[in-house]
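Written out below as structure tokens is the structure these notes cover.
Just so it is clear, none of the values below were taken in a lab; they were calculated from the coordinates. It should be emphasised that the depicted structure is a prediction, and the values quoted were computed from it without experimental measurement. Quick reminder, even Gly has a Cβ in these numbers, built from the backbone with ideal geometry, and neighbours come from all protein chains shown.
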């Protein structure tokens, strides 16, 4: 059984302002819940249509599928929903390589980029303050359990680049052919907004503009989706450590 | 004004069996419509909330936003919807490089892969018969106008690989590190189903299994999404032509 006030609390967490107000967010699906829990994230409450054995009994509330549907952000709810405390803000750890996002707005793109960070061992993701919130349910849907292992920081990128010493590589439609560049192991890769690209104020901090050349003859494609472009550029930066 | 029978026809085209029955499919958004039209696709009818000047007058029906909502597959309809004739089946053109898909089911992944083919100049996409239909409205939403320029063939891949001479590279979790492989310019890249990977019957035709190494230390990520993996592997095959 889930109470009305619990339903109200959880549905409010679909919105960022209430996630901040309550210091909570939620994830769905037993496997993903287990990944967050296993990575040390603190659980507030867990609602499940099945018995769960990996968290203390007091935290688990068995509910019906109809109740789950009321709190889920998914069209087809996935057996369990867990409410976790938002993590405490930590300073950015030292890194050799990181990705910075300048105003990424699409939750699917954001989730995919977090998943890529996890795959490629990028521990910190640096985001401008207008980038979509990583605890948005749609971001979590796309990132699967990866957010449990990637620290996402929201900050003033201009201020950060001003002080930081690492070279910043920006993805542009008209940049140097990335396949012909010697990419350093220590760097930041900056990806711009889906429509507007990298903002003029950040462009001044770039060491180099890079581009994935288009191979089609007719040059009609608008641009690669930002998540696709991130996957290719991230792969380019990491292949050098493998050669 | 749109008639009831037109509404019935267009909504039926959301389903594959009616697309085949009527030999029609539809795309949405003026820009995408223009890309198909400009690439020589034959238009059956165009419904728009605004004047359209790039197709003959007789083909355009001005409709209200409410009418557009009735026929659109989008949550937020995009000004225009055009019905095109399905293309006539053509033989597969000779190619140096192509991608083959073994049972890709997610329309978003399929659309993204078509968009990648367009970017990287892959003219023919070879799909097993259980791969999602490329004229599915959700595929078209993800592929944007790219399908206008990429030929998608549905065929018996086993039969095709049996006769074809090009080496086939298959994407596997446990394959050779792709960054350390010398990739040929003439090849087929085979990508497997989202859950099951490449089927056993096709595995026997592989020249080599390749893999994108995971850089995260803890090795907890399930796998890269198939569209992400395709973007990286496609980039690896094409970078050699750029070096």
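Per residue of A:117-124, how many C-beta atoms from partner chains lie within 10 Å of its own C-beta, taken as a mean?
Values: counts 3, 8, 13, 8, 6, 2, 2, 0.
What the average comes to for A:117-124 is 5.
Just for the protein assembly as shown, what percent of DSSP beta bridges are antiparallel, to the closest 5?
Working: 22 of 71 bridges.
Percent antiparallel among DSSP bridges in the protein assembly as shown is about 30.
Which whole number of Å³ per residue matches the convex hull of the alpha-carbon atoms in the range B:97-239? Please report the intermediate quantities before stating the final value.
Values: hull volume 15.1 nm³, N = 143.
That works out to 106 Å³ per residue.
Relative contact order of chain A: what whole-number percent is it, with Cα pairs under 8 angstrom and at least 6 residues apart? Provide the component values of the computation, followed by the final result.
Numbers: 430 pairs, mean separation 44.1, N = 243.
After rounding, I find 18 percent.
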Copy-to-copy label separations for residue A:8, where each label sits 7 Å from Cα toward Cβ, in nm and ascending:
4.9
Starting from 0 in steps of 10 Å, tell me what percent of the Cα-Cα pairs of the protein assembly as shown lands in each bin.
4, 18, 25, 26, 20, 7, 0
Arrange A:241, A:112 by Cβ neighbour counts within 10 Å, fewest through most, would you?
A:241, A:112
Taking each label point as 7 Å beyond Cα in the direction of the beta carbon, state the distances from residue B:195 to the same residue in the other copies, shortest first, in nm.
3.7
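To one decimal place, what orientation-averaged projected area in nm² is obtained for the convex hull of the Cα set of chain B?
Hull-based average projected area comes out at 14.9 nm².
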For peptide B:225-235, what's the mean number of Cβ atoms from other chains within 10 Å of each residue's Cβ?
6
Quick one: with label points 7 Å out along Cα→Cβ, list the inter-copy distances for residue A:57 in nm, shortest first?
8.1
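As a test of the formula, what do you get for chain A when each DSSP H run with n ≥ 4 contributes -39,500 (n - 2.57) and the sum is divided by the residue count, at 222 nm and rounded to the nearest 500 deg cm²/dmol?
Details: 9 runs with 77 residues, N = 243.
The per-residue figure over chain A is -9000 deg cm²/dmol.
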Could you please state, rounded to a whole Å, how far the C-alpha centre of the range A:115-155 is from the C-alpha centre of the range B:107-143?
27 Å
Taking a ≥ b ≥ c as the square roots of the eigenvalues of the Cα gyration tensor, with a/c under 1.5 meaning rounded and otherwise prolate when a/b exceeds b/c and oblate if not, the range B:4-85 is oblate
What FRET efficiency do you get for residue A:85 and residue A:194 if R0 is 22 Å and r is their Cβ-Cβ distance, rounded to the nearest 0.05?
0.10
Which angle from 0 to 90°, rounded to the nearest 10, does the C-alpha axis of helix A:107-119 make with the longest principal axis of chain A?
80 degrees
Distance between the C-alpha centers of the range B:1-50 and the range A:72-97? Whole Å please.
41 Å
Other chains near A:47-55: what is the mean number of their Cβ atoms within 10 Å of each residue's Cβ?
0
Roughly what angle does helix B:226-239 make with the longest principal axis of chain B, taking Cα atoms, 0 to 90 degrees, to the nearest 10?
70 degrees
What is the residue of chain A with the smallest Cβ distance to the axis taking A onto B, and what is that distance in whole Å?
A:231, 2
